[in-house]
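In what follows, a single structure is set out as structure tokens and then discussed.
The values are calculated or read from the model by the stated rules, or taken from the named source; none is laboratory data. As the structure is a computational prediction, the values presented were derived from the model and not from experiment. Here Cβ is always computed from backbone atoms with ideal geometry, including for glycine, and neighbour counts include all displayed protein chains.
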Amino acid sequence: MSEREAPRRLRRAEAVLRRRTSRLVLVLERPWDDHNVQAVLRTAESFGVQHIWVVKHPDGRRRVSKSVTKGSHHWLSQHRFDTIEECIAALQEGGYAIWATDLSSGAVELTSGDDLRPFPEKIAIVVGREADGVSPEMLAAADRRLYLPMHGFTESFNLSVATALVLQRCFDAEPALVGAMSEEERRAIRHDWFERLAGQVEGRAAEYAHWAAHPPEPLEDPRPSDEARRPRIPKKVRKRMRPDQSI
């Protein structure tokens with residue numbers, strides 16, 4: 001088999017994989033609302049952040065809604081911690097600089113990527129729960145505390161919006177985050193992804209296993225093709241649309 005014979009979906013997966021980063025991990029500390037958590041997962045996956053660490057809420061039991069995540073949770077590596085202390089210890093042991101979002105007066109305003117330079121080799125961005133933000137324990141362990149400037153009456157951004165803005169600042173400050181992953185980890189993720197993709201196509205397991213061992217040539221552009229890109233309209237909305245309406 002030549003690399004050009006690989007199915008397009010595998011070449012697209014390879015292109016996405018080569019843009020993944022392990023230098024930055026996103027920490028969700030005690031999130032309460034399932035919808036918000038899943039929106040954050042979708043946001044992180046879109047940026048190419050592979051590792052999501054979650055300190056579970058004492059009363060939290062996550063329920064996944066594919067209508068929110070759009071399946072993005074399948075392609076992420078999620079690590080869960082029962083306590084804040086366990087998460088902090090793991091971050092410190094892993095050598096991560098801890099940057100926490102914080103609305104208090106001691107936080108530094110984050111207006112552009114320039115505010116984040118020099119950028120650490122390994123970094124954890126911590127976002128707190130919706131009601132009261134990052135815990136005092138995590139803030140005490142943080143190397144930096146950051147906040148996003150706002151110019152309206154609203155006190156804070158939605159969790160997924162705030163996450164997206166902070167991540168964008170990080171990638172602006174350190175473009176080398178894109179693709180920052182070891183080959184060993186990339187091989188392990190490729191095997192998992194290709195096996196998952198093989199399960200979606202009957203009778204292709206052996207072929208996909210071959211490509212997992214012999215990575216195909218990635219697409220230059222990982223976005224879906226123009227032919228595959230269709231407006232995603234909920235069934236209820238589609239039923240209410242008149243036959244002559246279009247989007």
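Conditions: (1) assigned by TED's automatic domain parsing to the domain that holds residue 78; (2) farther than 13 Å from residue 101 by Cα. Residue 162 meets all but one. Number of the miss?
Failed condition: (2).
Where residues in region 174-202 are modelled with pLDDT of 95 or more and acidic (Asp, Glu), which of them is nearest to residue 51 (Cα to Cα)?
Across region 174-202, the extreme among qualifying residues is 185.
Considering every residue within region 188-195, establish whether at least one is surrounded by 15 or more Cβ atoms within 10 Å (Cβ to Cβ), acidic (Asp, Glu), more than 25 Å from residue 37 (Cβ to Cβ) and outside the structural domain of residue 130 (by TED's automatic domain parsing). If you could, list the steps in order and put the result at the bottom.
Quick first cut of region 188-195, residues surrounded by 15 or more Cβ atoms within 10 Å (Cβ to Cβ) only: 189-190, 193-194.
Keeping just the survivors that are acidic (Asp, Glu) gives none.
Within region 188-195, not a single residue is surrounded by 15 or more Cβ atoms within 10 Å (Cβ to Cβ), acidic (Asp, Glu), more than 25 Å from residue 37 (Cβ to Cβ) and outside the structural domain of residue 130 (by TED's automatic domain parsing).
Before we move on, is residue 145 part of a helix (DSSP H, G or I), surrounded by 13 or more Cβ atoms within 10 Å (Cβ to Cβ), of a type in the set (Lys, Arg) and modelled with pLDDT of 95 or more? It would help to see each step written out before you state the result.
Numbers: part of a helix (DSSP H, G or I): no; surrounded by 13 or more Cβ atoms within 10 Å (Cβ to Cβ): yes; of a type in the set (Lys, Arg): yes; modelled with pLDDT of 95 or more: yes.
The answer is no for residue 145.
Give the residues of region 77-99 that are exposed (fewer than 13 other Cβ atoms within 10 Å of the Cβ) and either among the aliphatic types (A, V, I, L, M) or on the phi > 0 side of the Ramachandran plot (or both), sorted by residue number.
95
Suppose the filter is out of contact with any helix residue (DSSP H, G or I) (no Cβ under 9 Å at 6 or more places or on another chain), under 21 Å from residue 31 (Cα atoms), crowded, with 21+ Cβ neighbours inside 10 Å and at pLDDT 95 or above; does residue 127 pass it?
Numbers: out of contact with any helix residue (DSSP H, G or I) (no Cβ under 9 Å at 6 or more places or on another chain): no; under 21 Å from residue 31 (Cα atoms): yes; crowded, with 21+ Cβ neighbours inside 10 Å: yes; at pLDDT 95 or above: yes.
Criteria not met by residue 127.
Without any contact (Cβ under 8 Å) to a residue 40 or more places away in the chain and either in the same structural domain as residue 29 (by TED's automatic domain parsing) or out of contact with any helix residue (DSSP H, G or I) (no Cβ under 7 Å at 6 or more places or on another chain) (or both): which single residue out of 174, 183, 137, 155 fits that description?
On the way: 174 fails: without any contact (Cβ under 8 Å) to a residue 40 or more places away in the chain; 137 fails: without any contact (Cβ under 8 Å) to a residue 40 or more places away in the chain; 155 fails: without any contact (Cβ under 8 Å) to a residue 40 or more places away in the chain.
When all the criteria are applied, what remains is 183.
Quick check on this structure: which one of 208, 147 is touching a strand residue (DSSP E or B) at 6+ places or on another chain (Cβ under 9 Å) and either outside the structural domain of residue 72 (by TED's automatic domain parsing) or free of Cβ contacts under 8 Å to residues at least 60 places away in the same chain (or both)? Working first, answer last.
Working: 208 fails: touching a strand residue (DSSP E or B) at 6+ places or on another chain (Cβ under 9 Å).
Only one candidate qualifies: 147.
Give the number of residues within region 150-173 that are at pLDDT below 95 and aromatic (Phe, Trp, Tyr).
Residues that pass the stated criteria total 2.
Could you check, for region 57-75, whether at least one of its residues is modelled with pLDDT of 95 or more and in a loop (DSSP other than H, G, I, E, B)? It would help to see each step written out before you state the result.
The first filter runs over region 57-75 and keeps only residues modelled with pLDDT of 95 or more, leaving 75.
Applying the additional criterion that residues be in a loop (DSSP other than H, G, I, E, B) yields none.
So far as region 57-75 goes, no, none of its residues is modelled with pLDDT of 95 or more and in a loop (DSSP other than H, G, I, E, B).
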